[in-house]
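The values are calculated or read from the model by the stated rules, or taken from the named source; none is laboratory data. Keep in mind the model is a prediction, meaning the values are calculated, not measured. Cβ atoms come from the backbone with ideal geometry, glycine included; neighbour counts cover every protein chain shown. Keep in mind that these areas ignore ligands, DNA and RNA; they rest on the heavy atoms of the full protein, side chains included. Shrake-Rupley method; radii C 1.70, N 1.55, O 1.52, S 1.80 Å.
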Amino acid sequence: MVEAPLNRGSLFVLPWRSVSITIRYAGYVRLALYSIERGAYTIFCNKISLETNERIDKVMGHMKSKTIKDTRVVQTDQVLINDLNNYHTLFGGVLMKKLDACATLSARRHARVQECVTASTDSVNFIEPIRQSDSVCIESCVTYTGKSSMEIFCKVIAEDMITAERKIAAIAFLTFVALDDNKKPITVPEVVPETEEEKFLYQTGEERAKMRRLKRQQNRELVSKLTLEKPIL
C-alpha cells in the first residue's frame, strides 16, 4: 500500500492507468480501492474497520498485474462418437464450443468479474485432424490486454491414447470484454509473461490488437452496407 496526504475532493491518477480518483475523506489516507465503477475509484482513510480493509486489499489485488500462468486453464476430454463427422474426425463446431468455454474461464480468472463476453473469435486454425482414438487437451490463457478487453490464446493438443503421440491440432485467438453489474466494460489488469512462449505471444499481441481494430472498422463499414430486406425466392 502507498500512503499520501490528500484532501477531501482531491484527484489522484493511478500510475498504471489513466483513472481519476476522488478522495472521500480528508487526512493522511491509505491508498486503496473500495468501490470500482467505470472510471470512478474511491479512497478511504485509515479510520475504517479491519473487515473493510480486507475487502479493499482484495479489490486492490484484482487491479494488479497478473502473470499469464495465473490465467491458464487446461481442459482434457475424450472424443465421443457423437462428436465425429462423416470423415470420423472431430467436428470443427464441437471444438470451437470447447475453445469458447475454456477461453471464458481464462478471461474470468483474470478479470475476476461475474461476466466476461466474447467480443470476437479472431482466428481458428485447424492444423491436424482429431480422431476418436485421441484425447483433446485445450490450454487457454490471457496473452494481451487492452483497457477492458482480453486476448485469449488457445492451444489444442491431440494425444493418441494408444501410441502416446502428441500433436498440436489447432490454435485460436479470441477476444473477451469484462463487464460490471450494469453490463458496462470495466478496466482489467495487465498481464506479465514469463516463459519464452508467453513472451512471444505477449510481444506480438500489439500487432494483433491493431489488426483487430482495423477489422472492426471494416466490419462497421460492411454492416452499414447490408440490407434487412427479406430475399425474394
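Quick notes on this one:
- The set of residues in the stretch 191-216 that are surrounded by 16 or more Cβ atoms within 10 Å (Cβ to Cβ) and assigned to a loop (DSSP other than H, G, I, E, B) contains only Pro193.
- Scope the stretch 151-164; condition open to solvent by 10 Å² or more (accessible area, probe 1.4 Å) and in contact with a strand residue (DSSP E or B) (Cβ under 7 Å, 6 or more places away or on another chain); matching residues: Phe153, Lys155, Ile157, Glu159, Asp160, Met161
- Residue identified as hydroxyl-bearing (Ser, Thr, Tyr), touching a helix residue (DSSP H, G or I) at 6+ places or on another chain (Cβ under 9 Å) and open to solvent by less than 20 Å² (accessible area, probe 1.4 Å) among Ser148, Ser140, Ser120, Ser135: Ser140
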